[in-house]
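Have a look at the structure below, then the notes.
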Amino acid sequence: MDIFNNYKLQREELLARIAQELQLDKTRLDKMESAYKAVFELLKKDEIFFNNLEIELYSQGSKRIGTTVKPINGDDFDLDTVMHIYDIYSKFTPEDIYNALVRVIEGDAYYKTIYEKKDRCIRLNYKSDFHLDILPACMQIPFNKEKIAIPEKLRKSWSSGNPKGFANWFLSIANSVKKSMLKSYSESLMKANVESEPLPEELYLKTPLQTAVQLIKRYRDIYFKDKKYSVSSIVLTTLMAQFYDGEESVFETINNITGKIQKSYNESVTANKKFKILNPVDENEDFTDTWTSENYKSFSGFIANFHSKWQKLLTSFETSNEEYIELFGEGVYKKSLTDQIKMFSGSSNNHLAQASGLILGNSAFTDSKGQINSNQGIKNEPHHNFGE
């Protein structure tokens, strides 16, 4: 039950904490949801085009599947939404719907000041560090509410998409795990009635695959900070789900998947074939159709680098401290480790963990023998340093 005497368990709990620290907080998510709901209400009031149509405005991408990651370097978070018209696409041209959307947005005094035209969508730039992209869409097939027709880049014709189908596909795979290591651990703690701070339930509810996607996306952002040909989130998310095999821990999920990706990529190279990544819910869409040799070289280098660093986390914090920092950032790593120690040190028999917990909780004393305790000697000064 003592997390500090079980490195694998401590590592697993720490990785979950890091992912939670990286993801968008509830306040920001609520702001985003309020933002696109407000746009939806505006569209419903339009008496020229949208009032006679059944429409839905919903999020797609990382918010929908629970794999959001805060941008680094102060960049805006990109919230992708779909304005889904439940009518067959052949009744409209992409330009018709796009122009109707622009007209409604420009007709509102506030939105007119924050909107921006993009090739296929409208962007609303909010000051609270995110922007909202609204992609027009119609039904591809009558009575099918998942497959959509979306504008091509020049808005002269339609292409296909299926964000709801992709999310359902990903989540069904993520939820295929029988019981995650952390879920089993939390249940064991409750059964044993171990005294500790209240358990952060939301920390243990996320699946290993969701957490793994968040972690690899964060290192992607760090790795490509000063490099070209970054790997898109949709590519990483697709590959992680395709190679997931129900692993019960985050560490094993990433370790096994990145190894399989490398193996599959090298087999393609050996066979003189392109390593293709197709949309799992629409095989007509190839996520790598615009990749050049530089894209493939960059992708291969990133996966190999990530997998190599991941191996350093295998044995102990003594041998992997720098790798945690390189993979996720010093501030995030130190804060997550600090939170873990503060929560579990009180119920541990690990002397270092006990002392660290007292120091971090500002309740540590040092006696005449230099030993840290909770009530005798000189009171230690508060100390917090989460790095940059």
>> Considering only protein heavy atoms and a probe of 1.4 Å, how much of the accessible area of region 74-149 is carbon and sulfur, as a whole percent?
In response: 48
>> So for each of 329-338, 47-56 I average, over its residues, the number of other beta carbons within 10 Å; can you give me the resulting order with the highest mean first?
In response: 329-338, 47-56
> Per residue, how much accessible area does the chain have with a 1.4 Å probe, in Å²?
Replying inline: 50
> Between Ile85, Ser159, Phe143, whose Cα lies farthest towards the positive end of the dipole of region 70-171 when Lys and Arg beta carbons carry +1 and Asp and Glu beta carbons carry -1, centred on the Cα centre?
Replying inline: Phe143
>> Distance cut-off 29 Å, Cα to Cα: go down the list Lys63/Lys274; Lys127/Lys179; Lys153/Lys309; Lys37/Lys227; Lys179/Lys309 and report the pairs above it.
In response: Lys63/Lys274; Lys127/Lys179; Lys153/Lys309; Lys37/Lys227
> Over all directions, what mean area does the Cα convex hull of region 172-274 project, stated in square nanometres?
Replying inline: 8.5
>> Once R0 is set to 30 Å, what does the formula 1/(1 + (r/R0)^6) return for the Cβ-Cβ distance between Phe317 and Glu267, expressed as a FRET efficiency to the nearest 0.05?
In response: 0.30
>> Could you check the spin-label model distance between Ala304 and Glu56? Points 7 Å from the Cα along Cα→Cβ, value in nm.
In response: 4.4
>> Averaged across orientations, what area in nm² does the convex hull of the alpha carbons in region 1-144 project?
In response: 12.0
>> Let me check against my output: what whole-number percent is the relative contact order of region 220-346, with C-alpha pairs under 8 Å and at least 6 apart?
In response: 24
>> Using 0.36 nm times the number of residues separating Asn284 and Phe143, minus their current alpha carbon distance, what extension gain do you get?
In response: 48.7 nm
> Computed over the Cα atoms of the chain, what is the ratio Rg over Rh, Rh following Kirkwood?
Replying inline: 1.03
>> For the chain, take the longest principal axis of its alpha carbons; what is the angle in degrees between that and the long axis of helix 181-192, to the nearest 10 within 0 to 90?
In response: 50
>> Taking all protein chains in place and a 1.4 Å probe, what share, in percent, of the accessible surface of region 1-60 do carbon and sulfur account for?
In response: 45
>> Would any residue of region 268-303 have its amide N under 11 Å from a label point 7 Å out along Cα→Cβ of Lys228? List them or say none.
In response: 294-295
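The values are calculated or read from the model by the stated rules, or taken from the named source; none is laboratory data. As the structure is a prediction and not an experimental result, all values here were calculated from the model. When we count neighbours, we look across all protein chains shown, and the Cβ atoms used for this are built from the backbone with ideal geometry, even at glycine. Note: areas computed on protein heavy atoms with side chains; ligands, DNA, RNA excluded. Shrake-Rupley method; radii C 1.70, N 1.55, O 1.52, S 1.80 Å.
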